[in-house]
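Written out below as structure tokens is the structure these notes cover.
The values are calculated or read from the model by the stated rules, or taken from the named source; none is laboratory data. Values in this document were obtained by computation on a predicted structure and should not be read as measured data. Cβ placement follows ideal geometry from the backbone for every residue including glycine, while neighbour counts extend to all protein chains displayed. Remember, those area values only see protein heavy atoms, side chains included, never the ligands or the DNA or RNA. Shrake-Rupley method; radii C 1.70, N 1.55, O 1.52, S 1.80 Å.
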Amino acid sequence: MEKALNRIHPVSDPEATYFLRVSWENDLGTGFGLLLSDCQCAWTGTVSEADISREAADMEMDREKYVEELRKALIAAEESAGKYNFVIS
């Protein structure tokens, strides 16, 4: 299992710091787990392969392109700095 941990500052609360851990087998396109923490509380979730396909279809986006955008936003934070914004609600 591969994992990535990134520090994020959501646009909804720029002074706050959250940590986002993403874990996956093989590649993100087969699904992944998420853990979000503000160092006081933690929230977890999973995204299935079907969820990814459904979201790509809803956005009328090629599935492989959608998975690549997920990778950039969730894993490759340093190379994508400033391109993606997070809102915590």
Open item on the list: Within region 57-64, does at least one residue satisfy the condition of being in a helix (DSSP H, G or I), modelled with pLDDT of 95 or more and touching a Lys or Arg at 6+ places or on another chain (Cβ under 6 Å)?
Closed with: no
Residue pairs qualifying under the 7 Å Cβ cut-off, at least six apart or on distinct chains, with the first in region 36-57 being farther than 10 Å from Y18 by Cα and the second being part of a helix (DSSP H, G or I) and among the hydrophobic types (A, V, I, L, M, F, W, C), are I52/V67
Only unsatisfied item for S89, checking (1) of a type in the set (G, A, S); (2) farther than 16 Å from H9 by Cα; (3) in a loop (DSSP other than H, G, I, E, B), is (2)
Restricting region 65-83 to residues that are open to solvent by 60 Å² or more (accessible area, probe 1.4 Å) and farther than 16 Å from R21 by Cα, the one modelled with the lowest pLDDT turns out to be A81
query: Out of all the residues in region 13-32, is one or more open to solvent by 60 Å² or more (accessible area, probe 1.4 Å) and in contact (Cβ under 8 Å) with a residue 60 or more places away in the chain?
result: yes
Q.
Checking the structure you have, find out if any residue of region 37-54 is surrounded by 11 or more Cβ atoms within 10 Å (Cβ to Cβ), assigned to a loop (DSSP other than H, G, I, E, B) and of a type in the set (V, I, T).
A. no
Residues in region 27-57 that are polar (S, T, N, Q) and closer than 18 Å to E69 by Cβ total 3
Per the filter on region 1-12, residues of a type in the set (A, V, I, L, M) and without any contact (Cβ under 8 Å) to a residue 24 or more places away in the chain are L5
